[in-house]
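The structure appears below as structure tokens.
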Amino acid sequence: MKKAILCAFILVLMAFAFTGCANDGDGGPPAGQADGGAVAPSPAATPDAGAQQPGDAGTAEAPPVEHPLAIMEAVLQTFPQYFDTGAPHVPGSIFEYAIASSSPFIGLFGGSVFWTEAADNTVSSIIGTSSSLFSSTPLLQFGQEGVVNWTYDVGAGTMTLNMQHDVYWHDGVPLTLDDLVFAYELMAHPDYASVGGVRFTAANRNIVGIMDFQAGLVDHIPGFELSNNNRTLTIHFYSFTPDIPYFSIWSAPAPRHIFGDMELTDIPNSDAVRVNPIGWGPFMVEHIVPGEAVHLVRNENFVFGTPYIEQMIIRRVNPDLVPEHMANGDFDFVLFPTLYFADHPNPTNFRYLGSRNNAYTYISFRLGHFDFDNDVNVFDAHREMNDVNLRRAMALALNEAELGEILFNGLQFATGNFMSPLHQGFMDLSVPMFPYNPAEAMRILDEAGFIDIDGDGFRENPAGEQLVINWAVPDQPQVDLIVGFYMQAWADVGLNVQLWQGRVHDRNYLFDVLDFDTDNEEIHIYMASWTAGFNPDPSGRWGHTVWNPSRYTSDEWDAVLARLVSMEAWDTAYLLEAYSAMQWHLYNVVPFFPTRWSIDLTAVNNRVANYDTRPGLPPSQFGWHTVRLSAATPYR
């Protein structure tokens, strides 16, 4: 019976069985489930006069050829997703790994639950400080070929993990499932949020007794039942919701023997996080150049096999310099900025692999603040952007298809849904989104009372007051062109949009302000990207979490999110309808709007003998330990 229930849920995912893996954009946690905390409803949550209602859910049929999803899929088919030349490994070389980033690494590499940015997670996953104990499947659920296998019982609300391999931390200490329990103890610590921790999602709070542990009422988490040898762990949930097998709960251990005697507030800045992080992955840290580079050596005792590559250096590289570095043979591997693809369509010393980026860029509106005492977002009625007509008009004013074609060489696409391409099986393609329509934008603004009273070309708000919209923008490649494109489009419909503080900002600084400066009312809108995890539930970003800088919330939205993880959602038809309702709600309310999807181009030097971008491959088939080099130095 259990398998039949899960199989029904899996059917939903068949439409995207071979989509891309997760890696965070602006640094998000795996999506969790709804908190369910009631807050005052937002007037913005009331659909405007043009609002529509949910129709048929799901994308069992192929999207029409003009839909952005179909356009993206057609372009993706022009790139391979994997290769294996069959060439043997040539030892004695250093694998040069580049991360294209205009901002330094933050450096939260250890402890599993403290990283916040994608670059840190990239390093952490290679050294195994943030690596899941589970494998994954092409259907994006917990697999059975990782460090642990698993069984579950919906009726009992339990999930049981069994270690099927002997695993050791890099310092030789055995890894056990008590280390996974310890990761939860770190996240449930009352000081976790105060040090910037963001992974204590509602999905994790579904574990029996974990909130009593946070409150200090118990000295252990009752929902964790460990065997005597710490190699079997039964997790007790208040309800075994259908999102749990899709990586909605935390699955990366933290070494208790390293951090167990430390004060939690001391951990993020400790040497064990920033200088000598201890993981269990295929590579170990040799030394770190703060913000710029991490030097690694292979882990001879890696559980899934000794890596072919002896040494790896991960370096931060200015995105503008990536094409030159790859042409010169300076690096073996990088995610190639699509901005420069047209200038390098047919490289001779490296090759491109294509994959769906499971992210979307977006524009979001600041609609409230975060209550750190109660761990919830709170709607503020007085905020500048709390008019749905203004928000809808700003979305309709932008020609994202043109931007993706011209600036990003046809490798970025106007979004066709509020979900990432990774989760296309849940998309309701009848949701019209916000196609470029400046005339409609101006009509909406006129009818809502946003009128140019003084004749300066910019509209005042309905109260007759000057309307200046402060836009927070993180630094990124070609940001000046993107900013200029957007600001002109908004000016064309009469909206005066200005850069917050008159400039773009280092992304690390900006997201510290957005996430933790809850009293900041100078920022009205911001630009970002969000990379979804395997779990399609969006509440990890858009629910009651500090990671939702829009601060949008309402009773209706809470109810929409709660349906996605209800026990009724084990029924496929119910689940699809619930996701359809979610998409229509976002369309009607517009707390944010997605702007572009993209294809990732992985540039790999010709001496790399095999690489694979397909998701869900078991560790026996592919991982960093299986990558080979067919020459002693990169091809130039």
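The values are calculated or read from the model by the stated rules, or taken from the named source; none is laboratory data. Everything numeric in this text was worked out from a predicted model, so none of it was measured. Every residue, glycine among them, receives a Cβ derived from its backbone with ideal geometry; neighbour counts consider all protein chains shown.
Per-residue answers, yes or no, for (1) more than 23 Å from the chain's Cα centre (by Cα); (2) within 26 Å of G291 (Cβ to Cβ); (3) at pLDDT below 95:
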{"position": "A463", "(1), (2), (3)": "yes, no, no"}
{"position": "W471", "(1), (2), (3)": "no, no, no"}
{"position": "I482", "(1), (2), (3)": "no, yes, yes"}
{"position": "A489", "(1), (2), (3)": "yes, no, no"}
{"position": "V493", "(1), (2), (3)": "yes, no, no"}
{"position": "W500", "(1), (2), (3)": "yes, yes, no"}
{"position": "R507", "(1), (2), (3)": "no, yes, yes"}
{"position": "D512", "(1), (2), (3)": "no, yes, yes"}
{"position": "T518", "(1), (2), (3)": "no, no, yes"}
Residue check, T595 within 30 Å of V322 (Cβ to Cβ), buried (at least 22 other Cβ atoms within 10 Å of the Cβ) and β-branched (V, I, T)
yes
Long-range neighbours under 8 Å by Cβ, at least six apart or interchain, first residue without any contact (Cβ under 8 Å) to a residue 12 or more places away in the chain within the range 122-150, second hydrophobic (A, V, I, L, M, F, W, C):
Q144/W150
Any chance the range 546-568 includes a residue that's crowded, with 24+ Cβ neighbours inside 10 Å, in contact with a strand residue (DSSP E or B) (Cβ under 8 Å, 6 or more places away or on another chain) and not in a loop (DSSP other than H, G, I, E, B)?
no
Somewhere in the range 206-217, is a residue surrounded by 20 or more Cβ atoms within 10 Å (Cβ to Cβ), of a type outside the set (G, A, S), out of contact with any helix residue (DSSP H, G or I) (no Cβ under 9 Å at 6 or more places or on another chain) and under 24 Å from V546 (Cα atoms)?
no
With (1) over 21 Å from I278 (Cα atoms); (2) modelled with pLDDT of 95 or more as the list, and N204 as the residue in question, which single condition is left unmet?
(2)
Scan the range 288-296 and give yes if some residue there is in a strand (DSSP E or B), in contact with a Gly (Cβ under 8 Å, 6 or more places away or on another chain), closer than 29 Å to E185 by Cα and aliphatic (A, V, I, L, M), otherwise no.
yes
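Identify the residue in the range 347-367 that is in a loop (DSSP other than H, G, I, E, B) and modelled with pLDDT under 95 and, among all such residues, is farthest from A74 (Cα to Cα). Walk me through it before giving the result.
So in the range 347-367, the residues in a loop (DSSP other than H, G, I, E, B) come out as 347-349, 357-358, 366-367.
Pick out the ones that are also modelled with pLDDT under 95 and you get 357-358.
Working: N357: 15, N358: 16 Å.
Within the range 347-367, the match that is farthest from A74 (Cα to Cα) is N358.
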Within the range 271-284, can you find the residues that are part of a loop (DSSP other than H, G, I, E, B) and farther than 15 Å from F182 by Cβ?
V275, N276, P277, G281, P282
For the range 432-489, give me each residue that is within 27 Å of A528 (Cβ to Cβ), of a type in the set (D, E) and in a loop (DSSP other than H, G, I, E, B).
D475
Test for Y509: is it in contact with a strand residue (DSSP E or B) (Cβ under 6 Å, 6 or more places away or on another chain) and of a type in the set (F, W, Y):
no
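Which ones in the range 402-422 are in a loop (DSSP other than H, G, I, E, B) and β-branched (V, I, T)? So that I can check it myself, show each step before the final result.
First, pick out the residues of the range 402-422 that are in a loop (DSSP other than H, G, I, E, B): 407-411, 415-420.
Selection gives T415 alone.
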State all residues of the range 462-502 that are over 24 Å from F408 (Cβ atoms) and surrounded by fewer than 16 Cβ atoms within 10 Å (Cβ to Cβ); if no residue qualifies, say none.
P462, A463, G464, E465, Q466, V468, Q498, Q501, G502
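Only one of these is more than 18 Å from S598 (Cα to Cα) and in contact with a Ser or Thr (Cβ under 9 Å, 6 or more places away or on another chain): N299, N328, N374. Name it.
Details: N328 fails: in contact with a Ser or Thr (Cβ under 9 Å, 6 or more places away or on another chain); N374 fails: in contact with a Ser or Thr (Cβ under 9 Å, 6 or more places away or on another chain).
From the options N299, N328, N374, the qualifying one is N299.
Looking for whichever is surrounded by fewer than 20 Cβ atoms within 10 Å (Cβ to Cβ), over 30 Å from F370 (Cβ atoms) and in contact with a helix residue (DSSP H, G or I) (Cβ under 9 Å, 6 or more places away or on another chain) here; the options are V195, V154. Which one fits? Show your work before the answer.
Numbers: V195 fails: over 30 Å from F370 (Cβ atoms).
Answer to the selection: V154.
Of the residues T129, T122, T116, which single one is assigned to a helix (DSSP H, G or I), within 25 Å of the chain's Cα centre (by Cα), closer than 23 Å to I288 by Cβ and of a type in the set (S, T, N, Q)?
On the way: T129 fails: assigned to a helix (DSSP H, G or I); T116 fails: assigned to a helix (DSSP H, G or I).
None of the other options fit; the residue is T122.
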Scan the range 297-326 residue by residue and report those that are surrounded by fewer than 18 Cβ atoms within 10 Å (Cβ to Cβ), without any contact (Cβ under 8 Å) to a residue 24 or more places away in the chain and either touching a helix residue (DSSP H, G or I) at 6+ places or on another chain (Cβ under 7 Å) or in a strand (DSSP E or B) (or both).
V297
